[in-house]
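None of the figures in this text is laboratory data; all of them are computed from the coordinates on show. Everything numeric in this text was worked out from a predicted model, so none of it was measured. Glycine also receives a Cβ, built like all others from the backbone with ideal geometry; neighbour counts cover every protein chain displayed.
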């Protein structure tokens with residue numbers, strides 16, 4: 001950032017690509033931020049962007065209606081999308097695009113596109129979608145911001161289209177890769193499990209709150225009698241998977257293991273290749289892992305179910 005409080009376009013482009021990549025990732029997992037602004041964009045020691053503060057996020061499977069739309073008002077006034085101000089149901093993903101457009105403008109201009117000393121005056125500018133780009137903006141940047149700040153949400157550029165825009169492509173940034181998991185085992189449950197393990201399992205705000213602070217939010221969402229989740233500290237992912245494998249083999253089950261960067265899993269199969277239970281391990285914080293134990297049926301393999309829970313909870317002792 002220069003002395004005028006703004007980034008040049010190459011520096012802004014690098015950060016913006018990281019922001020859009022982060023949003024694409026959380027959107028693919030049904031999490032919508034709804035409060036994107038520079039204050040929630042932090043830089044690590046390598047200068048890489050981290051999207052933070054998911055306090056206003058919505059989860060697709062818990063907060064959106066049957067139409068896939070959100071209804072609650074949220075966001076910071078200068079970054080709020082016009083459809084939220086209209087107090088109608090809205091697409092939370094398109095709201096993130098709008099606020100990201102405001103953030104990109106402010107990073108490259110050094111000021112807000114809809115700035116006004118009066119709140120209602122600012123809202124009128126947001127409703128109209130009228131703003132003026134500074135003279136140093138390139139034509140490609142003007143084009144991208146214009147498409148992101150389209151007050152008509154139906155016409156607004158989509159997250160998946162942003163990475164194909166000429167301004168983003170100027171430094172050779174490639175579009176998102178679509179990775180399809182390939183499995184030698186065609187059974188749907190095995191393919192689903194292997195596909196999940198191909199990706200680092202990023203955790204949403206509820207996971208972080210529940211495990212990092214020690215509070216239990218499970219009661220808010222109903223009981224899950226065949227799934228338990230708990231945190232372990234001072235142990236690596238491989239050690240937890242080793243313990244799960246050991247328990248499964250002692251119980252006489254066939255064990256499949258898959259380990260990737262930041263996550264891993266073990267599947268337990270009975271005679272006839274019936275899937276009995278799953279263990280998933282994800283990194284929650286630098287020194288903390290989340291372990292999830294799930295069984296396919298409450299009547300199957302009770303000893304395995306109990307020993308997995310006890311053994312993995314004690315794996316760091």
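How many angstrom lie between the Cα centre of region 1-60 and the Cα centre of region 92-122? Region 1-60 and region 92-122 have Cα centres spaced 14 Å from each other. Compute the Cα gyration tensor for region 31-170, then decide on rounded, prolate or oblate, letting a ≥ b ≥ c be the square roots of its eigenvalues: rounded whenever a/c is under 1.5, prolate when a/b is larger than b/c in the other cases, and oblate in all that remain. Since a/c stays below 1.5, the shape of region 31-170 is classed as rounded.
In plain terms, the residue of 288, 267 with the fewest other Cβ atoms within 10 Å comes first and the most crowded comes last, giving 288, 267.
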